[in-house]
Amino acid sequence: NAGVTQTPKFQVLKTGQSMTLQCAQDMNHNSMYWYRQDPGMGLRLIYYSASEGTTDKGEVPNGYNVSRLNKREFSLRLESAAPSQTSVYFCASSGRSLAKNIQYFGAGTRLSVL
Amino acid sequence: DAKTTQPPSMDCAEGRAANLPCNHSTISGNEYVYWYRQIHSQGPQYIIHGLKNNETNEMASLIITEDRKSSTLILPHATLRDTAVYYCIVRPGGTGNQFYFGTGTSLTVIP
């Protein structure tokens, strides 16, 4: 049982390049999330998907787009990368239980934009 | 907004109990208290959560004050592997609701 899998683990981009961060979960969870974490700071929510077919903006959505491809997969796209997007990106998922709603996190993607 | 206040750092001797406080004075009646931790630069890991009763699991205990305005996470016998950043989060139950991570408490367990 892999849980939440993120690819790639590391990426270096030049300013203006585009890329897609991939996330997949095998826990049959309805909700999925993308966070970013800058050095010395807590996680900030970029986008989330409460269920398949829906997406909503989080705290810091500018410069990003997302796609909930199916129940398992939730991708994050940077159309034109900027140095300010250098960060560690975490994907998470959570299940059906209304009371528990525990989020399970992937190992992260470390992105540098030069 | 994080809605919680935690001390930025704490130390604890190995084998002793680590008591991590969290202030959430504006908590609403339908909001749960969650604790996560992040070891080095790994993804955050769920520890425990509660609404108003004290909770215990294999990792930790959560003590919530009667007025629910503060809570304490207790690691009963801290080990070096418990060195991490600990986040206290309050949010309503239900899927899709946002988690707001503050900067947490950096706990260092000292040999």
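The values are calculated or read from the model by the stated rules, or taken from the named source; none is laboratory data. Note that this is a predicted model, so its numbers are computed, not measured. Every residue, glycine among them, receives a Cβ derived from its backbone with ideal geometry; neighbour counts consider all protein chains shown.
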Residues within region A:72-93 that are buried (at least 21 other Cβ atoms within 10 Å of the Cβ) and among the hydroxyl-bearing types (S, T, Y), tallied: 3
If you take the residues of region A:1-40 that are closer than 11 Å to A:S75 by Cα and among the aromatic types (F, W, Y), which of them is modelled with the highest pLDDT? A:W34
Which pairs have Cβ atoms under 9 Å, sit 6 or more apart or on different chains, and link a residue in region A:31-43 that is touching a residue at least 60 places away in the same chain (Cβ under 8 Å) to one that is of a type in the set (A, V, I, L, M) and part of a loop (DSSP other than H, G, I, E, B)? A:S31/A:A50; A:M32/A:A50
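Can you name every residue in region A:57-71 that is within 8 Å of chain B (Cβ to nearest Cβ) and surrounded by fewer than 17 Cβ atoms within 10 Å (Cβ to Cβ)?
A:E59
Take residues that are within 21 Å of A:D38 (Cβ to Cβ) and tell me which of the strands (runs of 3 or more DSSP E) falling wholly in region A:64-114 contain 3 or more.
Counting at least 3 such residues, we get A:74-78, A:87-94, A:109-113.
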Output the number of the condition that B:G43 fails; it satisfies all remaining conditions of (1) buried (at least 21 other Cβ atoms within 10 Å of the Cβ); (2) modelled with pLDDT of 95 or more; (3) over 12 Å from the mean Cα position of the chain (by Cα). (2)
Expected single match for away from chain A (no Cβ under 13 Å), touching a strand residue (DSSP E or B) at 6+ places or on another chain (Cβ under 9 Å) and either free of Cβ contacts under 8 Å to residues at least 12 places away in the same chain or at negative phi (or both) among B:C88, B:C22 is B:C22
Do you know which of the residues in region A:11-56 that are of a type in the set (V, I, T) and either crowded, with 20+ Cβ neighbours inside 10 Å or assigned to a strand (DSSP E or B) (or both) is farthest from the other protein chains (Cβ to nearest Cβ)? A:T20
Among what's in region A:78-96 and is facing chain B (nearest Cβ under 8 Å) and farther than 17 Å from A:L114 by Cβ, pick the residue that is modelled with the highest pLDDT. A:F90
Would you check if there is a residue in region B:43-58 being part of a loop (DSSP other than H, G, I, E, B), over 20 Å from A:Q37 (Cβ atoms) and away from chain A (no Cβ under 14 Å)? yes
